[in-house]
1. May I ask you to say which residue of Ser251, Ser170, Ser181, Ser199 is small (Gly, Ala, Ser), assigned by TED's automatic domain parsing to the domain that holds Gly132 and touching a strand residue (DSSP E or B) at 6+ places or on another chain (Cβ under 8 Å)?
2. Which of the residues that make up segment 74-103 are closer than 20 Å to Leu139 by Cα and surrounded by fewer than 22 Cβ atoms within 10 Å (Cβ to Cβ)?
3. For segment 104-129, how many residues are farther than 29 Å from Gly437 by Cα and buried (at least 23 other Cβ atoms within 10 Å of the Cβ)?
4. Could you tell me whether any residue of segment 423-432 is within 21 Å of Gly148 (Cβ to Cβ), among the charged types (D, E, K, R) and at pLDDT 95 or above?
5. In segment 15-45, which residues are of a type in the set (S, T, N, Q) and crowded, with 22+ Cβ neighbours inside 10 Å?
6. Where in segment 318-384 are there helices (runs of 4 or more DSSP H), lying fully within it, with 1 or more residues that are surrounded by fewer than 24 Cβ atoms within 10 Å (Cβ to Cβ)?
7. For segment 11-38, enumerate the residues that are farther than 20 Å from Phe52 by Cβ and outside any strand (DSSP E or B).
8. Quick check on segment 60-91: of everything there that is of a type in the set (Gly, Ala, Ser) and within 17 Å of the chain's Cα centre (by Cα), which residue is nearest to Gly430 (Cα to Cα)?
Amino acid sequence: MTYVLIEQADYVLTVDRDDTVLEQASIVVADGRIEAIGAVDEIAARYDATDFDRVIDARGRLVMPGLVDAHVHLSEQLSRSLFPDCLSTRAWVFNWGKPYYAAVEEDDEYLSALVAGIEMIRSGTTCFLDMGAQNDPGLVVQAIDEIGLRGVTGRHAADRKPDTIPDYWSPEMVEKHFFASADEALVELRRCVERWNGSAGGRIRCWVNIEGKEPCSPELHAGARRLAEELGVGTTYHIASSIEEAEVSESKHGVWPVTRLAQMDALGSNLVIAHAVALQEHEVELLAEFETKVAFCPGTSLKVAKGATKIGRYPELMAAGVTVALGCDGVSAAGSLDMMRQLYLAAGLFKDARMDPDVVTARQAIRMATIDGARALLWDDEIGSVEHGKRADLLLFDLSDVEWVPCHDPVQALVYSATPRSLETVLVDGQVVLDGGRVTTVDERALLEEARLRSREIVARSGLRRGLIPLTTTLYD
């Protein structure tokens, strides 16, 4: 058995049921699991220094659970800053996203996942929900295993092509991106879950993930949830992601997207809806009734003008008991995989929009990024808080950095003042993956250099050029 002692932390944000903040505490980790947590003297009395394979000096440090990113696109990682910042959601997806994803080949996807992993580790994310690989998810599994993260991935799936194929969609792209039917997609999704779920000693799970929205038929939406339930896993997809999507749904089907999901028996407790920005009042109660989870991506809403603070009902969802987690989305949608940035936005946007300083407090934002993220990923029994018996996914911040000085309230300092700059140590499953600000598991410099070169090749294959690709779309209208 491997023992690690995290000794004499100034603060431990446990994010337990009572949001307990411990001062002058130590943590004992045994084979990747938290065996004990308590006052420094108490732990010192129970354990001998010779018991430990490693002692991490946490004096002048804040310890907290690793952040959980409830919505990310790993295969988008090499597209950072490629897409224009004047795109609405539908143009972003149909005009730019799909050609880019279709150009991502197997080696690209493996590298994208590694580079995304570096950014996540460096900004405190220890677990994530990936929307799905454009190729075999085994490549993502391999990359995430190597870098040492915890996460959920799957196989991207869609089955409904638009009536008219745009000129900038190549035949190869259409062939790669769409399954011939919902049944065919579900067969492949089943295969992927059965092959990859539980990889890396249980650190990596595989779900029945689909794209969602117009590119997926009702049969695929409902079938994904049912298949996930049968296999004992979850499913996630984009829905109600913009007012334009809601208006198209109402025009074609007479109802907004979440109501339509309820009508087709697609809602359930094993479903995470990405974005869910366009909701009617009664749809809040629908999501609460079916215990469906929501991944809110504030950074994407700001960049792609989704309207989270204008039409979004996230505070109402939380008040109704819906699990609302935070996600970064992909780097072209939000700009980064920095979950600490999402923390700050989640705690501030609605205070300003509602002119109410008590809406989404710092404490609530931390829960959204940790235990609520774990709950969305159906993993809260093992991660998301610093408690006895849970896996040791932990962050250590250096409180001597100027952004923490002085620290009158560690909760507020974390949300409103801290950045990844002061993140010093990251553990996943008890293994140190960031040590003294250095990623320990991969050759970061070599991977980033390869990413720069590979990104140019992907862009060339995709045909994406500003001035040549439309900035608006009527697909699926």
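The values are calculated or read from the model by the stated rules, or taken from the named source; none is laboratory data. Treat the numbers as computed from the prediction; the structure is a model and nothing was measured. In this analysis, Cβ positions are derived from the backbone assuming ideal geometry, glycine residues included, and neighbour counts consider all displayed protein chains.
1. Sole residue among the options that is small (Gly, Ala, Ser), assigned by TED's automatic domain parsing to the domain that holds Gly132 and touching a strand residue (DSSP E or B) at 6+ places or on another chain (Cβ under 8 Å): Ser199.
2. Ala102, the sole residue that qualifies.
3. Residues that pass the stated criteria total 1.
4. Within segment 423-432, one or more residues are within 21 Å of Gly148 (Cβ to Cβ), among the charged types (D, E, K, R) and at pLDDT 95 or above.
5. The answer is Ser26, and nothing else.
6. 339-354, 362-369, 371-376
7. Those that are farther than 20 Å from Phe52 by Cβ and outside any strand (DSSP E or B): Thr14, Val15, Asp16, Arg17, Asp18, Asp19, Thr20.
8. In this case the residue turns out to be Gly66.
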